[in-house]
Amino acid sequence: MMVGALRGDRRDVIRRAIGVVVLVAATVVAVISAAGLADADRLTTAVVTVLAGSAVTLGFVVAPPVTGSVDPLDPRRFAVVGSEPRPLAGALILAGFLSVPVLVVLALAISLAVAWGAHGASILGSVASIVLGLATCVLFARVSMALGALVQRPPRQSRELMGVYLVTVLVVVVPVGVFLGSLEWRGAVPSQLASAAEILAWTPIGAAWGIALAPSAGAAVGSVVVAVATVAALAFAWFALVEILLTTTRRPVAVRERGGLGWFALLPGTPGGAVAARSLSYWLRDRRYIVNVVIVPIAAVVSIVPLLVAGVPLELAILLPVPIMALFFGWLPHNDLAYDSTALWMHIASGMRGAPDRIGRLIPVLLIGIPILAVSLPLAIVTHGRWAIFPAMIGVCAALFLAGLGLSSISSVVAPYAVSRPGDSPFQQPQRTGSGGVVAQALVMAGAILAALPSILLTWQAIDGTAIDSMFAMWVGIGAGLFVLVVGVAIGALLFERRGTRLMEFAEAT
């Protein structure tokens, strides 16, 4: 199959040949650079190894779905020869090692092993790092392509799908670029970069590359355990996916794609997927939703003006807008049922369960809020100047955002209030006879702040210089936010099913 890639249409062959030449040239440069790490100090070599290895491994994960490449080793290609799933899965894993990207990684790993040996790494540790690193890359690619084969629909590069990919790249690349650009090298590896490499060495994408030059025997054992567990989990997932691919018949979707259904064609054909697709269409087209999204960052930035006037230093005031945005993004869907107007009857008349409705309506807020927060928070930390509090700030934002979404899932069912109708100006608000809307808004915000209060206090101690673990503050915030989100969605789903008649009466009356 590798030789067959150089056959066919002349233009395709020329394009592939040029790609191979460029790849070989880049590989040669990378190999020479990697071998040159033998002259660097041990810490620099270890940090570069873990960061580069993690980036390469992550590339094997995201490259197949982003590029939309066709898998030449798709298990369904071998269904016609009657292969059993398990032997076929094992054979395809072995065949996965015989590919150009894997051979490139092998060349880089061997050159890195030369540098590892110069810094006293054992042969056993170097071999374990290379073998587990290659196995992780191959299995990640196999699983990623198999999952893509299950969910992708032609044409692969649809407008909506490309939008999701661009958002994903934005969320990952911008914070990393801001982080790297803020480092002060001064002839040595910055402590922040060393800390990032140390954390990556305990993750599935970086564990294999942290074995050879681990700072201690305990760290090496931990990286080995994580790497072996990752390979085992990926292998189990791969064998299960091969079984599914060989026993599942693909649904014809060409008619749906030609129908121009947009998000409905991209998202799963389930009740929750249908709600998410309809909500995404509203959030990206209805000016009532768009105005709400635009106002959130503006209001957050304006909030620092009184602090600056009052004499608060900029490096402290700049930390406020991002948590405010997280709070407001979580608060946005607190009245989402009212924006449906009479279209709400489709959900209720179809007998939709509460969970798909509640979860589907949160998808647009997640897709909009997470990228904005992921880009804004590193910029705020750069202005503040202390990356040590970055994990704690993540915890605060996660608690406010997720807790707000969970409470909004309850509020929109229990206390909906009248809003401008579809097509009306977003600034035209109807008259209200009661204070239920104001109370609902206040309770959602107060509840989100209360849920995030432990993380806020821990983060303030970290900012104030008190000895506190910033990672602990992050996990406290994420845990509290997820707990409120899950409980809120569950309660909101139950109330949605019980209050269907009242919700219809509200939609008809407003």
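Overview of values
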read-out	value
Selection count, region 367-419, where residues are among the small types (Gly, Ala, Ser) and in a loop (DSSP other than H, G, I, E, B)	3
Candidate set: region 279-336, residues that are surrounded by fewer than 13 Cβ atoms within 10 Å (Cβ to Cβ) and not aliphatic (A, V, I, L, M); chosen: the one nearest to Gly477 (Cα to Cα)	Pro313
Matching residues in region 195-251 - criterion: being under 18 Å from Gly96 (Cβ atoms) and of a type outside the set (A, V, I, L, M)	Pro204, Thr230, Phe236, Trp238, Phe239, Glu243
Any hit, region 380-394, residues being assigned by TED's automatic domain parsing to the domain that holds Ile295, of a type outside the set (A, V, I, L, M) and either modelled with pLDDT of 85 or more or closer than 16 Å to Asp336 by Cα (or both)	no
Residue in region 94-122 that is surrounded by the most Cβ atoms within 10 Å (Cβ to Cβ), counting only those that are among the small types (Gly, Ala, Ser) and under 12 Å from Trp209 (Cα atoms)	Ala109
Every pair of residues 6+ apart whose Cβ atoms lie under 9 Å, when the first sits in region 189-203 and is within 13 Å of Gly53 (Cβ to Cβ) while the second is at pLDDT below 75 and part of a loop (DSSP other than H, G, I, E, B)	Ala197/Val189
Test: residue in region 81-94 that is free of Cβ contacts under 8 Å to residues at least 40 places away in the same chain and among the acidic types (Asp, Glu)	yes
Number of positions in region 96-109 that are in a helix (DSSP H, G or I) and either free of Cβ contacts under 8 Å to residues at least 40 places away in the same chain or of a type outside the set (Val, Ile, Thr) (or both)	8
Val476 being over 29 Å from Arg285 (Cα atoms), in contact with a Ser or Thr (Cβ under 8 Å, 6 or more places away or on another chain) and at pLDDT 85 or above	yes
Condition check for Ser470: at pLDDT 85 or above and buried (at least 19 other Cβ atoms within 10 Å of the Cβ)	no
Checking Phe401 against (1) under 18 Å from the mean Cα position of the chain (by Cα); (2) modelled with pLDDT under 90; (3) aromatic (Phe, Trp, Tyr); (4) within 26 Å of Gln441 (Cβ to Cβ), the condition it does not meet	(2)
Residue match in region 346-364 (condition: in a loop (DSSP other than H, G, I, E, B), surrounded by fewer than 24 Cβ atoms within 10 Å (Cβ to Cβ), without any contact (Cβ under 8 Å) to a residue 24 or more places away in the chain and hydrophobic (A, V, I, L, M, F, W, C))	no
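Yes/no per residue for (1) in the same structural domain as Leu402 (by TED's automatic domain parsing); (2) assigned to a helix (DSSP H, G or I); (3) free of Cβ contacts under 8 Å to residues at least 24 places away in the same chain; (4) in contact with a Phe, Trp or Tyr (Cβ under 9 Å, 6 or more places away or on another chain):
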residue	(1), (2), (3), (4)
Val291	yes, yes, no, yes
Val305	yes, yes, yes, no
Leu308	yes, yes, yes, no
Leu316	yes, yes, no, no
Ile324	yes, yes, no, no
Leu337	yes, yes, no, yes
Asp340	yes, yes, no, yes
Leu344	yes, yes, no, yes
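The values are calculated or read from the model by the stated rules, or taken from the named source; none is laboratory data. Computed from a predicted structure; not experimentally measured. So basically every Cβ, Gly included, is an ideal-geometry build from the backbone, and we count neighbours across all protein chains shown.
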